[in-house]
């Protein structure tokens, strides 16, 4: 391998890259931690219903249909796909 790879597929890859390219891998881990969330629809809102809007909830209007959404950890995010937990990733970047 020459240089930092574009694809990281396993926890073993992460551990190797932490030794060979620590700055780049720690930046990647921070990015994965920050981007492990996705918006999920929890249901359509009735006419006139305000919905919840805060840091983890939003209301989306699409073609006149208002939908409540919630921000949750995405089990298919890269962090989890490579086999890491949040605690493991946080420990690696300390």
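None of the figures in this text is laboratory data; all of them are computed from the coordinates on show. Quick caveat: nothing in here was measured; it's all calculated off a predicted structure. We place every Cβ from the backbone using ideal geometry, glycine too, and count neighbours over all the protein chains shown.
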Kirkwood Rh over alpha-carbon pairs of the chain plugged into Stokes-Einstein at 4 °C, 1.567 mPa s gives a D in µm²/s of 84 µm²/s
Measuring from the longest principal axis of the C-alpha atoms of the chain, the long axis of helix 22-34 (C-alpha) lies at a number of degrees, nearest 10, equal to 20 degrees
So the pair-distance distribution of segment 40-94, from every Cα-Cα distance in 10 Å bins, comes to percents of 21, 33, 22, 18, 5
Ordered by fewest other Cβ atoms within 10 Å, a rough proxy for footprinting exposure, 45, 15 read 15, 45
Going fewest to most other Cβ atoms within 10 Å around each Cβ, 33, 79 line up as 33, 79
Listed with the fewest Cβ neighbours within 10 Å leading, 8, 65 appear as 65, 8
